[in-house]
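Have a look at the structure below before the remarks.
FYI, it's all coordinate maths here, none of it is from the lab. Everything numeric here is computed off the predicted structure, so don't read it as measured data. Cβ placement follows ideal geometry from the backbone for every residue including glycine, while neighbour counts extend to all protein chains displayed.
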Amino acid sequence: MFAGPCAQTRSPDDIGKVCAGFVDERDHLRAYLLGRTFSEFTTWVFLDEDGRGWTLLASAPLDFHDMTMAIPWPR
């Protein structure tokens, strides 16, 4: 179940749910990190804005070994 923005989740109601953290925006794309509430992020999610609103463009696993902190923007 999706709990919304991680900063707005509350224990114990949101334990075990998935939350999102906004990271950056460029052009018409937004990058978010997803993960279980009160835990580590695990997945990058990229949303694309078009005339109908926001749609999922791509996702990628978070690379815990990448120390560059670079966002893996989809091409």
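Tabulated data
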| item | result |
| --- | --- |
| Net charge over other residues, Cβ less than 13 angstrom from the Cβ of Ala3 (K, R count +1; D, E count -1) | +1 |
| Taking only Cα atoms of the chain, radius of gyration then Dmax in Å | 13.1, 39 |
